[in-house]
1. Would you please give the residues with an amide H less than 5 Å from that of residue 112, counting only those at least 5 places away or on a separate chain, with H modeled from the backbone geometry?
2. I need the P(r) histogram for the range 88-156: all alpha carbon pairs, bin width 5 Å from 0 out to the longest distance, whole percents.
3. Looking at the range 60-164, which chymotrypsin sites (Phe, Trp or Tyr not before Pro) are DSSP coil and have at most 12 other C-beta atoms within 10 Å of their C-beta?
4. Can you report the principal axis dimensions of the range 1-48 using only the alpha carbons, biggest first, rounded to whole angstrom?
5. Based on Cα positions only, what radius of gyration and what Dmax would you give for the range 73-123, in angstroms?
6. Suppose a student asked you for the relative contact order of the range 1-67, using Cα pairs under 8 Å spaced at least 6 residues apart; what percent would you report?
7. Between Rg and the Kirkwood Rh of the range 43-85, both from Cα atoms, what is the Rg to Rh ratio?
8. Compute the acute angle (0 to 90°) between the alpha-carbon long axis of helix 12-23 and the principal axis of greatest extent of the alpha-carbon atoms of the chain; round to the nearest 10°.
Amino acid sequence: DTSGLTVIAKHLVSSSILSFMAVRHEIHREYLAIVRGTVSPASGTINAPLARTGSSIIERKVDFEHGEHAVTHYKVLKEQNQHSLVSLILETGRTHQIRVHLQYLGHPLVGDYLYNPDMEWISRQALHATRLRFHHPITKEPLEFHVPLPQDMQNVLEGIRPDA
């Protein structure tokens, strides 16, 4: 349910190189998220390891004893309509990292069916991959892509409900 940018390889060679780049953290991603309330502090780093919840193959939780290293940097960009628009930069790329880290911070994503089934303002998780930056896997040309906040997330900030 995350909107925005993703990288898709055109052939196996590029796919292999891109996978290696991802492991070496050479693909830089920025996400935008909407949470309820005022996030405090307004910027910081969440350094909290993640692990599976019980026997679930899907759900994750913060687990300082058994979890894998996970780091997310965040900054509040705007507060509007009792919601905060948050920019997130991933240092690691764990499954559900942003979703679980924001929940751990006390501000889960609006519309997150798994960690915060709050569908009052949006019918999907309010998470958007807004920026990607990396070098082309073959030519090594620096590439950067950006897409603005989608309308359904903008509507949350403007106080427009999905049934309006």
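The values are calculated or read from the model by the stated rules, or taken from the named source; none is laboratory data. A quick note: this is a predicted structure, and the numbers were derived from the prediction, not measured. Neighbour counts run over all protein chains shown; Cβ positions are idealised from the backbone, glycine included. Surface areas here come from the heavy atoms of the whole protein model, side chains and all, with no ligands, DNA or RNA. Shrake-Rupley method; radii C 1.70, N 1.55, O 1.52, S 1.80 Å.
1. The list, which skips near neighbours in sequence, is 118, 126.
2. With 5 Å bins starting at 0, P(r) equals 4, 14, 19, 20, 19, 11, 7, 5, 2, 0.
3. 64
4. If we take the Cα atoms of the range 1-48, the spans are 45, 23, 14 Å.
5. Cα radius of gyration and Dmax of the range 73-123 are 11.3, 31 Å respectively.
6. Values: 33 pairs, mean separation 11.6, N = 67.
Answer for the range 1-67 is 17 percent.
7. Dividing the radius of gyration by the Kirkwood radius yields 1.15.
8. That works out to roughly 60 degrees.
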